[in-house]
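Contents: one structure, followed by commentary.
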Amino acid sequence: MTEGETLLALMEQDLAIARAVKALDELPEKAAILQLRHRLKEIEGVAEKARAYVQRANAMVAKSADEVEMVQAKIDAEQTKVLSGQITDSKELRNLTREIDALSRRKDQLEREELGLMEKAESGEAQRAKVDAALEEGRAKEADLIERYKSRGGEIQTETARLRAERDAIAGTLDGSVLARYERLRETKKGVAVGALKGALCTACRTEIPAGEVQALRAGPEVGECPNCKRMLVMVEDA
């Protein structure tokens with residue numbers, strides 16, 4: 001190939017690589033994974049709150065149960081005194097009886113509160129289980145999406161590697177200074193360093209070049225410079 005043909009081939013190869021990289025970045029699985037991970041992060045926040053709620057509720061149930069147990073112990077102690085027969089004073093017996101009644105009422109109240117706390121703990125546990133199930137389902141879906149992304153992305157990456165190898169082979173045939181100029185232009189011209197002069201049109205910037213300049217370009221070397229976009233311009237045969 002001539003130098004101009006090599007430059008155009010190199011440009012086509014770089015454009016193909018860019019398309020492959022873009023295709024990999026725009027795989028729907030990638031967007032789905034990112035969206036799902038955002039949702040999973042939100043669910044994990046809810047799960048953390050649910051676990052904290054259940055922990056607090058269980059702690060309150062345990063505390064309430066301890067209070068019930070303490071009150072029952074007091075009731076048992078007072079009843080033991082009454083039944084022992086050691087207290088013969090009627091006033092003291094009445095006071096003990098009233099104390100036992102008050103303690104019994106307190107115990108009933110505590111047991112009702114304990115039941116309410118147990119219901120809240122059970123409700124929180126059910127919510128936590130529901131959130132954990134949603135997390136498990138989401139993570140399974142994420143794993144499936146990752147596998148699909150790897151499969152489709154792997155094909156694109158294999159193709160990209162092939163294109164890069166071919167690209168390196170093409171670039172290796174160019175003079176070092178020409179290749180360096182090409183790379184500089186590719187960096188500053190949005191990835192497009194070379195155009196072809198077809199008729200009076202630069203295919204890189206799609207600009208019509210005045211007839212006089214076209215004539216001067218065609219009278220010069222095979223690779224010139226577009227007077228408009230300053231890219232390398234390859235002279236090609238008019239159709």
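The values are calculated or read from the model by the stated rules, or taken from the named source; none is laboratory data. Keep in mind that this is a model prediction, so the values were computed, not measured. All Cβ positions, glycine included, derive from the backbone under ideal geometry; neighbour counts span all protein chains shown. The protein model used for the area step is the full one, side chains on, heavy atoms only, and it has no ligands, DNA or RNA in it. Shrake-Rupley method; radii C 1.70, N 1.55, O 1.52, S 1.80 Å.
Among residues that are among the charged types (D, E, K, R) and open to solvent by less than 60 Å² (accessible area, probe 1.4 Å), ASP66 is not included. The residue that is farthest from LEU10 (Cα to Cα), among those in the stretch 222-237 that are assigned to a loop (DSSP other than H, G, I, E, B) and either in contact with a helix residue (DSSP H, G or I) (Cβ under 9 Å, 6 or more places away or on another chain) or open to solvent by less than 30 Å² (accessible area, probe 1.4 Å) (or both), is PRO227. Within the stretch 112-159, restricting attention to residues that are more than 30 Å from GLU29 (Cα to Cα) and among the hydrophobic types (A, V, I, L, M, F, W, C), the residue that is least open to solvent (accessible area, probe 1.4 Å) is ALA121. Residues in the stretch 102-111 include at least one that is open to solvent by less than 90 Å² (accessible area, probe 1.4 Å), at pLDDT 90 or above, in a helix (DSSP H, G or I) and among the polar types (S, T, N, Q).
Only a single item in (1) more than 15 Å from ALA9 (Cα to Cα); (2) small (Gly, Ala, Ser); (3) not in a helix (DSSP H, G or I) is not met by GLY191, and it is number (1).
Can you name the residue in the stretch 23-39 that is surrounded by 14 or more Cβ atoms within 10 Å (Cβ to Cβ) and of a type in the set (Gly, Ala, Ser) and, of all such residues, is nearest to ILE146 (Cα to Cα)? The qualifying residue nearest to ILE146 (Cα to Cα) is ALA32.
Which of the residues spanning the stretch 160-177 are part of a helix (DSSP H, G or I), surrounded by fewer than 16 Cβ atoms within 10 Å (Cβ to Cβ) and in contact (Cβ under 8 Å) with a residue 24 or more places away in the chain? Selection gives ARG164, GLU166. Taking each residue of the stretch 129-141 that is in contact (Cβ under 8 Å) with a residue 60 or more places away in the chain and under 15 Å from LYS49 (Cα atoms) and looking for partners that are part of a helix (DSSP H, G or I) and among the β-branched types (Val, Ile, Thr) with beta-carbon atoms closer than 7 Å, six or more apart or interchain, yields VAL131/ILE43; VAL131/VAL46; ALA134/ILE43; LEU135/ILE43.
Looking at the stretch 1-22 only, could you name the residues that are open to solvent by 40 Å² or more (accessible area, probe 1.4 Å) and assigned to a helix (DSSP H, G or I)?
Start the filter on the stretch 1-22 by keeping residues that are open to solvent by 40 Å² or more (accessible area, probe 1.4 Å), which leaves 1-3, 5, 8, 12, 15, 18-19, 21-22.
Once the filter is applied, which keeps residues that are open to solvent by 40 Å² or more (accessible area, probe 1.4 Å) and assigned to a helix (DSSP H, G or I), the stretch 1-22 yields GLU3, GLU5, LEU8, GLU12, LEU15, ALA18, ARG19, VAL21, LYS22.
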